[in-house]
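Contents: one structure, followed by commentary.
The values are calculated or read from the model by the stated rules, or taken from the named source; none is laboratory data. The model shown is predicted, which means the values in this text are computed figures rather than measured ones. All Cβ positions, even for glycine, are placed from backbone atoms using ideal geometry, and neighbour counts span all protein chains on display. Only protein heavy atoms, including side chains, enter the accessible area calculation; ligands, DNA and RNA are left aside. Shrake-Rupley method; radii C 1.70, N 1.55, O 1.52, S 1.80 Å.
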Amino acid sequence: MKRVTLTFDNGPTPGITERVLDVLSARRIQTTFFVVGERLAAQGGRALAARAHSEGHWIGNHSWTHSAPLGEKPGAEYARREIEETQKLIGELSHADKLFRPMGGGGAIGPHLLSRAALELLQQGKYTCVLWSSVPGDWKDQDGWVDRCLSEIAVRDWTVVAIHDVENAALPRLPEFLDRLDALGVEFLQDFPDDVVIMRRGEGISPLLSQIMR
Ligand SMILES: [Zn+2]
């Protein structure tokens with residue numbers, strides 16, 4: 001049986017995130033929302049993250065500004081602000097494992113994702129650093145992402161899908177996507193397989209790290 005873990009990045013987005021939550025709750029699927037600090041701080045952001053949390057979704061950290069990837073601005077202060085300020089704002093909504101997903105690059109896995117300073121901060125702060133195995137590009141192709149994602153799921157045992165609760169992205173075809181996964185008999189999990197996790201609670205650095213940091 002194929003396994004799929006769904007994740008929603010770059011929100012919360014008023015007008016979108018609540019509808020994503022409605023779709024998920026009707027199907028009893030639990031996911032992770034990797035939130036952007038600036039969006040969490042904006043009007044309506046916190047209430048949406050709190051609702052997601054109360055409905056059993058996990059809240060992860062996806063940087064403060066979602067601008068330059070950490071590997072492109074290697075200073076310690078940049079890493080601290082992007083990671084720690086967001087974590088502080090997430091506060092009690094955080095998953096106990098302090099889930100963090102590096103931003104940038106449109107889903108490409110490469111050395112732009114992490115700096116040495118960011119790595120040290122993640123280790124010291126006992127974060128769990130989570131990547132992905134399918135980034136079907138919902139934000140740039142609102143129709144084509146569904147078929148692309150299904151074909152990626154078909155060739156893996158357990159796929160971690162990164163899609164987006166932002167405007168003009170996954171929402172319009174999310175119900176259809178989930179229907180098609182159901183029809184395939186996919187099992188939905190909330191957890192993350194080792195092949196997308198760089199470290200868990202600051203420990204057990206994955207060989208993948210060499211691909212995402214210079
Ligand atoms: Zn992102």
### Message
With every atom except the alpha carbons ignored, what do you get for Rg and Dmax of the range 25-148, in angstroms?
### Response
14.8, 44
### Message
Can you tell me which lysines have their Cα less than 18 Å from the Cα of Lys88? Leave out same-chain residues fewer than eight positions away.
### Response
Lys98, Lys126
### Message
Leaving ligands and nucleic acids out of the surface, order Met103, Met213 by accessible area at 1.4 Å, largest first.
### Response
Met213, Met103
### Query
Gap in Å between the Cα centre of the range 19-41 and the Cα centre of the range 149-165?
17
### Message
Viscosity 0.692 mPa s, temperature 37 °C: what is the translational diffusion coefficient of the range 124-214 from Stokes-Einstein with a Kirkwood Rh over Cα pairs, rounded to a whole number of µm²/s?
### Response
225
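Taking GluC sites (Glu not before Pro) as exposed when DSSP calls them loop (any state but H, G, I, E, B) and at most 15 other Cβ atoms lie within 10 Å, what is the longest stretch of the chain free of them, the sites themselves excluded? Spell out each step's value before the answer.
On the way: sites that count: Glu55, Glu167.
Here the longest segment lacking exposed loop sites spans 56-166.
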### Task
For the chain, list log₁₀ I(q)/I(0) at each q in 0.09, 0.10, 0.18, 0.19 Å⁻¹, using the Debye formula over Cα point scatterers of equal strength and ignoring solvent, two decimals each.
-0.31, -0.39, -1.34, -1.49
#### Entry: Convex hull volume of the range 1-94 per residue (C-alpha atoms, cubic angstrom)
106
### Student exercise, the range 3-212 dipole from Lys, Arg, Asp, Glu Cβ charges, in Debye to nearest 20
420
## Note on the structure
So, with points 7 Å from each Cα along the Cβ direction, the Asp182-Thr65 label distance in nm works out to 4.3
#### Entry: Surrounding net charge for Val130, when Lys and Arg each add one and Asp and Glu each subtract one, Cβ distance under 13 Å
-1
### Query
Percent relative contact order of the chain, based on C-alpha pairs within less than 8 angstrom and at least six residues apart?
29
### Summary
Percent antiparallel among DSSP beta bridges confined to the range 3-212, rounded to 5, stands at 10
### Task
Using label points projected 7 Å from each Cα along Cα→Cβ, tell me how many nm separate Asp194 and Gln142, to one decimal.
4.2
